[in-house]
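Take a look at the structure below.
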Amino acid sequence: TLTAAPDGDSVFAGWSGLCSGTDPCVVTVDQAKSVTAIFLPLYTVTVAMADATPGSVTSTPAGIACGSAGSACSARFVEGTQLQLVPQGSPGASVFGSWSGTCPVGQMCPMVVTCPEPGACTFTVQGPKSLTAKFVPAVTVTLLRFGTAPGALTVGGFSCTDASCAVEVAKGTNVGITASPGAGAVLKVWTGCSSSSELS
């Protein structure tokens, strides 16, 4: 009976050869036989929260759960794990700004807290990684639609079709708001914009 016992830096992934699965391997020794035990390393992923602006970072699969500004958290994942880190701004206070470190993919969608998966960082765990998530102060922009004709206002990944919508954006950034008239409608006029282009 062969029993696999990983140390603290690996996990047992299973047998190959005469046995399969992860249960103890039982073989009858009646001739020369070969069995392979497969172990995979565990690697630490560390996420730091930059400065004092609030925000949070969670991971899929679970393990990373950072929520304190200026702190760091870490978890170990099996080599080959497809890991996604999702930052989330603090409603009314901040939005995600940027990653620094070793995030190879996934930057922000235009600093809007309501974007689906804003700034999600996705990578395959192939060694230790260390990243820093930066959040920036937010302000609330209220979008108002006047008139009864159909249409939508869009900023970042957020689309407003109601009479009034509020969206949080990074303080100090230039925000582009797009008006999309519905069937049989045109954009008449903008108010409250520093610059605009009228649609026909």
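The values are calculated or read from the model by the stated rules, or taken from the named source; none is laboratory data. This structure is a prediction, so every number in the text was calculated from the model and none was measured. Reconstructed Cβ throughout: ideal geometry from the backbone, glycine too, with neighbour counts over all protein chains shown. Accessible surface is based on the protein model in full, side chains and every heavy atom, while ligands, DNA and RNA are left aside. Shrake-Rupley method; radii C 1.70, N 1.55, O 1.52, S 1.80 Å.
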Discussion item. Can you go through Leu143, Leu40, Leu85 and tell me which one is surrounded by fewer than 17 Cβ atoms within 10 Å (Cβ to Cβ) and at pLDDT 85 or above?
Written reply: Leu40
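For region 119-137, does any single residue satisfy the condition of being open to solvent by 60 Å² or more (accessible area, probe 1.4 Å), closer than 28 Å to Cys165 by Cα and at pLDDT below 85?
No, region 119-137 has no match at all.
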Response to the item:
The residue from Gln88, Gln84 that alone is under 16 Å from Gln126 (Cβ atoms) and under 13 Å from the mean Cα position of the chain (by Cα) is Gln84
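For region 27-48, enumerate the residues that are closer than 26 Å to Gly127 by Cβ and over 14 Å from the mean Cα position of the chain (by Cα).
First, the residues of region 27-48 that are closer than 26 Å to Gly127 by Cβ: 36-48.
Across region 27-48, the qualifying residues are Thr36, Ala37, Ile38, Phe39, Leu40, Pro41, Leu42, Tyr43, Thr44, Val45, Thr46, Ala48.
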